[in-house]
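For reference, the structure is listed below as structure tokens.
Here, each number is a calculation from the coordinates, and none is a lab measurement. What you see is a predicted model, and the numbers here were worked out from it, not measured in a lab. So basically every Cβ, Gly included, is an ideal-geometry build from the backbone, and we count neighbours across all protein chains shown.
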Amino acid sequence: MNELRNPPLISAESPPQIHPSAVVDSHAELDDGVVIGPGAIIGRDVTIGAQTWIGPHVVLEGRLRIGSKNRIFPGACIGLEPQDLKYRGAPTEVVIGDSNTIRECVTINRATDEGEQTKIGDGNLLMAYCHLGHNCELGDGIVMSNSIQVAGHVVIEDRAVIGGCLGIHQFVHIGGLAMVGGMTRVDRDVPPYCLVEGHPGRVRGLNRVGLRRSGLDQSKDGVELKQLQEVWTLLFRSEHVIAEGLRLSRQKKLMPASIHLCDFVADSIQKGRRGPMPAYR
């Protein structure tokens, strides 16, 4: 039980530790310092990096590559077939980076078509009962609260924070440092740096708490944050349509955050989706 309360970090020089009740295929590749808990099932095409802890009754199957120093808690199921009627048995993958925490009963499906991946970066926290569908791509430092259901082909950029008990529609793109409030209906792209919430979801303003934590308010004595607020207002609060707001914004010499916001919004429109989530009026 102590192992459950405080998953051990075994030395990178130690051989893998496998509980006698775990089922580990002889072809699976386990790096030094890996710990496999009781009742876990590890398939033949699974690779696990150094010092990763696999908790009790975790199921890892399919072509799955997991980096180092991850913690995967009891009941998680990762790498199983996608829940996609188009899937025809292609040997697709799930690729997970380093230092992620994947809590109880999280499910992560592999991609649908040949050569495709479901990808997760580094340092993310996925709380209990989250689901990531096929072909999703997560960046780094993302926090996903409990019971978030993510459909296929969703992209979530670095350091986004997503509140609990909500669904994210397929092909939605969530920008970096965005904050999504709990129980929001996310059926359109969420612009970076924005705070969104509601049913349906609406942009409420900039994610000022996240921006402050990121240090952007200290950048160039706050000039970059001030410009970002001006661009945001032009795009979401002015009388201009978004296309005109983009044109007017780009007449200025923009700093990186404002460039990212403008490029994201333009891309969301150009790709033929429904465009970015509108602002609350």
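Assorted remarks:
- Near the amide H of Glu137, within less than 5 Å, lie the amide hydrogens of Lys119, Val154, Val155, Ile156, all on another chain or at least 5 residues away, with H placed in the peptide plane.
- Column: log10 I(q)/I(0), Debye, Cα scatterers of the range 215-270, q = 0.15, 0.20 Å⁻¹: -0.39, -0.67
- Nearest-ten-degree value, helix 256-270 long axis tilted from longest Cα axis of the chain: 90 degrees
- Fully extended contour minus Cα-Cα distance, from Cys165 to Gln229, at 0.36 nm per residue: 20.1 nm
- DSSP-defined antiparallel bridges as percent of all bridges, the chain, nearest 5: 5 percent
- Length-normalised contact order for the chain - Cα pairs under 8 Å, 6+ apart - percent: 8 percent
- Only one of (1) 19.2; (2) 23.9; (3) 19.8 was calculated from the structure for Kirkwood radius over Cα pairs in Å, and its label is (3).
- Rounded to whole Hz, the Karplus (6.51, -1.76, 1.60) HN-Hα couplings of the range 111-116, x for glycine and proline: 6, 9, 9, 3, x, 9
- Protection proxy ranking, peptides 16-23, 145-152, average beta carbon neighbours within 10 Å, highest first: 145-152, 16-23
- Close lysine pairs were tallied over the chain: pairs 8 or more places apart or on different chains with Cα atoms under 28 Å apart number 10.
- As a calculated quantity, the FRET efficiency between Arg44 and Val143 at R0 = 22 Å, using C-beta atoms, amounts to about 0.10.
- In terms of overall dimensions, the C-alpha atoms belonging to the range 100-179 reach 32, 26, 23 Å along their principal axes, ordered largest to smallest.
- Backbone amide hydrogens, once placed in the peptide plane, bring Thr92 within less than 5 Å of nothing, excluding anything fewer than 5 places away on its chain.
- Amide H contacts of Val24 (H built 1.01 Å from N, under 5 Å, at least 5 apart or other chain): Ile42
- C-alpha long axis of helix 223-236 to longest principal axis of the chain, angle in °: 80 degrees
- Helical runs assigned H by DSSP (4 residues or longer) give the chain a calculated mean residue ellipticity at 222 nm of -5000 deg cm²/dmol, each run adding -39500 (n - 2.57) before division by the residue total.
- Unit charges at the beta carbon, dipole of the chain: most positive-side option, Val24, Thr233, Ile48: Thr233
- Each Lys and Arg Cβ is given +1 and each Asp and Glu Cβ -1; about its Cα centre, the chain then shows a dipole of about 1260 debye.
- Phi to ³J(HN,Hα) by Karplus 6.51 cos²θ - 1.76 cosθ + 1.60 over the range 210-216, Hz, x for Gly, Pro: x, 5, 5, 5, 6, x, 5
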